[in-house]
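Some notes on the structure that comes next.
The values are calculated or read from the model by the stated rules, or taken from the named source; none is laboratory data. Everything numeric in this text was worked out from a predicted model, so none of it was measured. Cβ sites come from the backbone with ideal geometry, for glycine too, and all protein chains shown count toward neighbours.
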Amino acid sequence: MAALVLIHVNGPAVAQAPRAPAPPSAQVDELLRLLEDPAIRQWIDQQRRPPALPGEVAQQATLSEALGMRIAAIRSQFIDLMSAIPRLPEEARQGGELLSAELQSRSPLNILLLVFGFLALGIGLERIFVRATARARERLLSSSGDTVNGRVKAIGMRLALGLTYVAIFGIGSIGAFLVFDWPLLLRRIVLAYLAAALLLRLARLVTRILLAPGGAWRVASGRFRVIPLADGEARFWYRRVMLFIGWFVFGWATVETARNLGFSFDGRRVVAYFLGIGLLAIALEVVWRRPVTAQAAANPERPARHHHLGSWLLSIYLVLLWGFWVAGLMGVFWLSAVAVILPKAVTITRLSVRNLLHPQGTGELSADHEMNAVYLDRGIRAILIAGAALFLAWVWQIDLVELTSRDTAVTRLVRGVLSSLVILLVADFVWQVVKTQIDRRLTRIQATTVPGSEEALKQARLLTLLPIFRMTAFIALAVVAVLMALSSLGVEIGPLIAGAGIFGVAVGFGSQALVRDVISGIFYLLDDAFRVGEYIQSGSYKGTVETLGFRSVKLRHHRGPIFTVPYGQLGAVENMSRDWVIDKLTINVTYDTDLDLTKKIIKQVGKDLASDPEFAPHIIEPLKMQGVEQFGDFAIQIRLKMMTRPGEQFAVRRRALANLKKAFDENGIQFAFPTVQVAGRGESEPAAAQHALKLVKGTPPE
């Protein structure tokens, strides 16, 4: 276009203008026409984009289109499978011909010798090692499992010994491939079944360690059993698990053999699905014949229909799993399997850890192994959850590395879910550690403290503050974990925090009594005004402190009623359970009592009471006489006192009074009591009174 303008303007300069290009060919015209097509341009733009994730593909296609494509794929797969079934006999015949053609150069005896040598070399080396370690094995099997450390050590040694047996068998079997000359096809077939046999041996070893069914390990008592089951239950699950795993691994070897023999892909799938029916049958047999657990057997009120209903639901679930597998819905298959297996695995792990680490014959964990149980339980739980997440990501073909570099709505959501999962696992681990440490401390205080001792008075404060700190730690961890999880999911937590602050201010103005109670409770705790278990009095409220709540304290009256008193209404608190108590007694003796003797007797009674093992820990200062309080109308009042532990003065006083009564009777000292005496002097009595008395008695007057 520029050349044309130049020619028009300059005229003579046409000779110097560049030569016009040759006209385009028909192919170029067709290419330009296709590039101008909007559909072609859209297709080119889609090809330039990076491959979309499964979530993005789902966003681009409508739900109906995706469902239609999935149904069409399932229908196509079923058609391929049905068409492959008639071809199986022909493929089997061709595979047999292929194997026989390769083995034509060898006699049947030679093949039998190869197989026999394969088995004999592995089993023989294993038997030689078993005989060589017979004494060590006997010593290991007879080891004691009465302690936690002894049981864990014995189980670890048994696992190591079993792994050694499997390794010796594997080395000997693999040596057969190095010693003998194997045909190529036969080598592949034997190698597949050898791998299946080794996997079965490993599964058998692990299952025997976990279930300890007895037999070769001679463990019938169950003290080395990791999973807490009865002997009959352990044997049942051991046999079914081994049958399931054996069928699975040898089925896999059979499918691999079919591939080596030239079976088509659809033919191999038909073989695999047929073998899968065997796995389904084993699982259904387990569902309907599984033994009733000890917990369910101990609850006869639970109707049997619940067990049958659960069996029906599990059966439907297993059939659906098999259907997902046959239909090729592997993502749904593994999601459904993990959704059921993972919670059960977490529960079994928790029970197994507690069963493994509790002392023999007890049901509770010892304080020494409590933290180990937390670390082991939460560690295995985190590994199981993380492993399940990674496995599902692999099944769904989610590239986690690429996921971190992409910034779409789906990738942000997936990253947020994974981050939230990690945050919740860490928060759960921290909470379990804090909770276990606090509970362990509380148990140690309650188990080792002598009531009434100085150490008990100091640790009573811990008994009061530790439960409050445990609840505070739980609330703080929960709030922080939830906020961090929301933040990782892309939720703006700034407005939430600001809104919570405004809401807190509004609540503070609207509920001043609540705020006053909470703040008063904080200051009562800081002042150490009272503790759990102490007897206090505040106004008309008195009793033993049972619970320190968020805004109130619960007081148990000595007659039984319980008061729930807000902290703001307590006011001045009279604590009757701190340090010591002086108890004063007053007794009355007659005026003719020897006070010096009385003082000695009281002192001796105090010494005897202080030396009594039943009351000695509660007496700080023994009973003694302070002196004469006052002269009464009919007695001399004597004041006594003694110093005891708080709350123990009542029992000590009752015993002191009983001992004083006995000692006074033995020494002729009488307690005084008020009397009224009516008396006269014979001759001086009035004559009228004497005359009236004679009339009453019937005596005639003189």
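Observations, loosely collected:
- Pair list, Cβ < 6 Å and 6+ apart or interchain, from the stretch 182-207 residues that are closer than 29 Å to residue 101 by Cα to residues that are among the β-branched types (Val, Ile, Thr): 189/257; 192/257; 196/249
- The lone criterion from (1) buried (at least 16 other Cβ atoms within 10 Å of the Cβ); (2) in contact with a helix residue (DSSP H, G or I) (Cβ under 9 Å, 6 or more places away or on another chain); (3) at pLDDT below 85 left unmet by residue 575 is number (2).
Every residue, every condition in (1) surrounded by 12 or more Cβ atoms within 10 Å (Cβ to Cβ); (2) modelled with pLDDT under 80; (3) not assigned by TED's automatic domain parsing to the domain that holds residue 469, yes or no:
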site	(1), (2), (3)
510	no, yes, yes
518	yes, yes, yes
534	yes, no, yes
538	yes, no, yes
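- Among the residues of the stretch 228-256, those identified as part of a helix (DSSP H, G or I), under 22 Å from residue 291 (Cα atoms) and either touching a Phe, Trp or Tyr at 6+ places or on another chain (Cβ under 9 Å) or of a type in the set (Val, Ile, Thr) (or both) are 241, 245.
- Residue, surrounded by the most Cβ atoms within 10 Å (Cβ to Cβ), within the stretch 540-566, restricted to residues that are within 37 Å of the chain's Cα centre (by Cα) and over 16 Å from residue 468 (Cα atoms): 555
- Residue in the stretch 259-280 that is under 28 Å from the mean Cα position of the chain (by Cα), modelled with pLDDT of 90 or more, surrounded by fewer than 18 Cβ atoms within 10 Å (Cβ to Cβ) and not in a loop (DSSP other than H, G, I, E, B) present: no
- Selected residue (only one of 334, 322 is surrounded by 14 or more Cβ atoms within 10 Å (Cβ to Cβ), modelled with pLDDT of 85 or more, touching a Leu at 6+ places or on another chain (Cβ under 6 Å) and within 20 Å of residue 272 (Cα to Cα)): 322
- Set 104, 77: member being exposed (fewer than 14 other Cβ atoms within 10 Å of the Cβ) and either modelled with pLDDT under 80 or not β-branched (Val, Ile, Thr) (or both): 104
- Any chance residue 623 is within 30 Å of residue 544 (Cα to Cα), under 60 Å from the mean Cα position of the chain (by Cα), outside any helix (DSSP H, G or I) and modelled with pLDDT of 85 or more: yes
- Restricted to the stretch 486-505, and to residues there that are modelled with pLDDT under 70, of a type in the set (Gly, Ala, Ser) and farther than 22 Å from residue 552 by Cα, the residue that is surrounded by the most Cβ atoms within 10 Å (Cβ to Cβ) is 500.
- Strands (runs of 3 or more DSSP E) wholly inside the stretch 541-599 containing at least 3 residues that are among the β-branched types (Val, Ile, Thr): 541-548, 562-566, 581-589
- Residue 86 falls short on exactly one of the conditions (1) at pLDDT 75 or above; (2) part of a helix (DSSP H, G or I), and that condition is (2).
- Options 376, 413; residue that is at pLDDT below 85 and either of a type outside the set (A, V, I, L, M) or assigned by TED's automatic domain parsing to the domain that holds residue 485 (or both): 413
- Residue match in the stretch 145-154 (condition: out of contact with any Ser or Thr (no Cβ under 7 Å at 6 or more places or on another chain) and at pLDDT below 70): yes
- Subset of the stretch 341-353 [without any contact (Cβ under 8 Å) to a residue 40 or more places away in the chain and either basic (Lys, Arg) or surrounded by 14 or more Cβ atoms within 10 Å (Cβ to Cβ) (or both)]: 344, 345, 346, 349, 350, 353
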